[in-house]
């Protein structure tokens, strides 16, 4: 087995296996110049260790299969290490994982839903929200609680993908509550007070439970048209189905009538032929 190699770009040390030097250097350069983060003050660049896994097999060998098989990246804030799998979208994954490091640099303790929602927001993963258009919870008029979102983030791939989207909407709602200052007031208060509930009170005058209620109501309002659309769709499908069944019944009935009329019917002879 070939030994890993490394390349240094600024404060980023990229570890890679032979054949991946170019992509490792490019990702290291991207990480070193990552820039600012939503709601966080500018901070001096700190060392980052970036491990590049070219495929799932390498990813699993590095993580000892301790991460979900569908994962394409991971961040370890304590050691400031990021692991990225190349068969995904490595640039976006890198931005996502760097956001985890930046958030944990500023805030000591972060709930999982806020951690993942913030990283998705910082990485601009807006396509995650597309998954909500077909989410069964929203289509049935239900919105999960934040505890349910946290549990789903640790679940299987379908549940986790929906949970990432819900977590992202929660963070976007927090950002809207902050108006022109966005997430900055909350993250500043959370840095001083690691318990989210007191930080929420200090920032928005809301308890965590009140925020959760408001977020769920907002989400229903934003995606409520889905419920209306699916209700109308279901209604029209039912109407078309009934019309189709009625048409089929009538066609069968008319066919039986024609067969009954034709049964034994003989055209009488006419020596003069048909009339004009």
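The values are calculated or read from the model by the stated rules, or taken from the named source; none is laboratory data. These numbers were taken from a predicted model, which means no experiment stands behind them. Cβ coordinates were reconstructed from backbone atoms using ideal geometry, including for glycine residues, and neighbour counts include every protein chain displayed.
Scan the range 33-58 residue by residue and report those that are within 13 Å of residue 99 (Cα to Cα) and surrounded by 16 or more Cβ atoms within 10 Å (Cβ to Cβ). Hits for the range 33-58 are 34, 37, 38, 39, 40, 48. Checking each residue of the range 221-229 against the condition of being at pLDDT below 95, out of contact with any strand residue (DSSP E or B) (no Cβ under 6 Å at 6 or more places or on another chain) and surrounded by 17 or more Cβ atoms within 10 Å (Cβ to Cβ) gives at least one match. Is it the case that the range 171-193 has a residue that's outside the structural domain of residue 92 (by TED's automatic domain parsing), in contact with a helix residue (DSSP H, G or I) (Cβ under 9 Å, 6 or more places away or on another chain) and at pLDDT below 90? Yes, there is a match, as at least one residue in the range 171-193 is outside the structural domain of residue 92 (by TED's automatic domain parsing), in contact with a helix residue (DSSP H, G or I) (Cβ under 9 Å, 6 or more places away or on another chain) and at pLDDT below 90. Quick one: is residue 7 closer than 26 Å to residue 117 by Cα and outside the structural domain of residue 161 (by TED's automatic domain parsing)? No: the conditions fail for residue 7. Among all residues of the range 152-159, there is at least one that is modelled with pLDDT of 80 or more, under 20 Å from residue 175 (Cβ atoms) and either in contact with a helix residue (DSSP H, G or I) (Cβ under 9 Å, 6 or more places away or on another chain) or in a loop (DSSP other than H, G, I, E, B) (or both).
Take the conditions (1) under 20 Å from the mean Cα position of the chain (by Cα); (2) at pLDDT 95 or above; (3) not assigned by TED's automatic domain parsing to the domain that holds residue 182; residue 120 misses just one of them, which is (3). Of everything listed in (1) more than 16 Å from the chain's Cα centre (by Cα); (2) assigned by TED's automatic domain parsing to the domain that holds residue 215, the single unmet condition for residue 129 is (1). Please report, ordered by residue number, the strands (runs of 3 or more DSSP E) entirely within the range 30-98 with at least 3 residues that are outside the structural domain of residue 186 (by TED's automatic domain parsing), modelled with pLDDT of 95 or more and over 20 Å from residue 113 (Cα atoms). Result: 48-53, 81-85. What are the pairs with Cβ atoms under 6 angstrom where one residue, in the range 168-187, is farther than 14 Å from residue 200 by Cβ and the other, located anywhere, is at pLDDT below 95? Sequence gap at least six, or different chains. Matching pairs, first to second residue: 168/128; 169/219.
Among the candidates 204, 164, the residue that is in contact with a helix residue (DSSP H, G or I) (Cβ under 6 Å, 6 or more places away or on another chain) and touching a residue at least 40 places away in the same chain (Cβ under 8 Å) is uniquely 164.
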